[in-house]
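Quick notes on the structure that follows.
Read the figures in this text as sums done on the coordinates, not as results from a lab. Fair warning: this is a prediction, and the values are worked out from it, not measured in the lab. All Cβ positions, glycine included, derive from the backbone under ideal geometry; neighbour counts span all protein chains shown.
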Amino acid sequence: MRFDAVPMPSSVAARPQDSRGYPVPAITPWEGEEPQFALTDHGFSAACARERLCSVCGRVMPAGTVWRVVGATESAAIGEALAAGRPYRNLAPTLEGPGHRACMLYASMVCPYLARPNARRGLSAQQPDELTGHLVRGTVRGGTGAVVGFADYEYAITPSQVLFRFLAPVEFLPHTQSEEHLGLLRAELDRAAGPVQPR
Ligand SMILES: [Zn+2]
């Protein structure tokens, strides 16, 4: 959907914008005046991991649940694990850091640049349909993806990459069309004590 039709968390509205008006996620590196949406800023990713900074807005995430947007493959795996009462952990690490609930609901709708910032240059372990699942709306079995809250995350910082693993899903919000999260995002933004606190 058009990104300007999605209500923007105030912390995202405070981000710099590219020439089209897209807010540029904190995780995105710049080359001169041009944000490099397909890349991940190593220094910020490391800070995100260590200091619990939201990969979208760059502000601190409170202790507790963190959120991320997952593609169709991972969404299906999480859904199956939850339905079977099994614990879930993504064994393939990802370059994508966590974020606030509002920021990830927003990112899931402002597709593809914010939702899958690393998809085009992801890890080899990442399935190709992680990207297409997000782009081909409503046609992929099991939904095109999900916004998922996890109780915790682990990370590893190497000289070239910051790798995340997410543990124990506590909120699972699958979607077949990203607009489905519009109501949830509005409700989240309306909550008096939202997850985004001023620093
Ligand atoms: Zn955020």
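Overview of values
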{"item": "Ascending count of other beta-carbon atoms within 10 Å, so fewest first, for THR158, THR144", "result": "THR158, THR144"}
{"item": "Burial ordering of ARG59, ARG186, ARG20, ARG101, fewest other beta-carbon atoms within 10 Å first", "result": "ARG20, ARG186, ARG59, ARG101"}
{"item": "Efficiency of FRET from Cβ geometry, ILE157 and TRP30, R₀ 25 Å, rounded to 0.05", "result": "0.75"}
{"item": "Total charge dipole magnitude, segment 1-92, about the Cα centre, Cβ charges on Lys, Arg, Asp, Glu only, Debye to nearest 20", "result": "420 debye"}
{"item": "Neighbour-count order for ASP41, ASP152, fewest beta carbons within 10 angstrom listed first", "result": "ASP152, ASP41"}
{"item": "Computed E for ALA77/SER19 - FRET, C-beta separation, R0 25 angstrom, nearest 0.05", "result": "0.10"}
{"item": "Per-pair calculated FRET efficiency, R0 = 22 Å: GLU51 and ALA168 via Cβ, rounded to 0.05", "result": "0.55"}
